[in-house]
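I have placed the structure first, in the form of structure tokens, so that the comments after it can refer back to it.
Quick note: the coordinates plus some simple rules give every number you see, no bench work behind them. No experiment lies behind these values; they were computed from the predicted model shown. Note: ideal-geometry Cβ built from the backbone for every residue, glycine included; neighbour counts use all protein chains shown.
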């Protein structure tokens, strides 16, 4: 029994030492990589700071009720800088999510956001490369005439759905209107970004 205990302790010590050595190697590699990467210029830092700021112009177009709801959202809220849609936007939040819905001239646009992560993980292999919309890699689908775009940004999974009253509506015949909406998405409030 003493031999088994001694063997176990020796084995545990070897694992700890190996992990410590691996961590030191990774830290040294990380430090070396940081030295090779040039520091961001003041212009780059300012641009990055601006990109983390709320788009006040877009936020102000929302109704007062929607503004209050967006401000209380637990995740960063993205909304399209599209005044006609924003004026009719209804907002809902809950534990870990937000949803916006707007209706304008025969089309309904719904937007949802919820954090990625947690204990439940679903792994899906994606064959398509997605569509680049601005700086977002967006995946689009169509199901029963409803066009959907999905992407992950700042640790949040977002989706935008576009549904037209009439199937012959040009906004639902291709991804163009959908990706235009995604391209106009601005941060209007909610949790930290």
Length released on extending from residue 170 to residue 132, taking residue separation times 0.36 nm less the Cα-Cα span: 11.5 nm
R0 of 25 Å, Cβ-Cβ distance residue 142-residue 101: FRET efficiency to nearest 0.05: 0.85
In percent, what relative contact order does the stretch 67-109 have, based on Cα pairs under 8 Å that are 6 or more apart in sequence? 37 percent
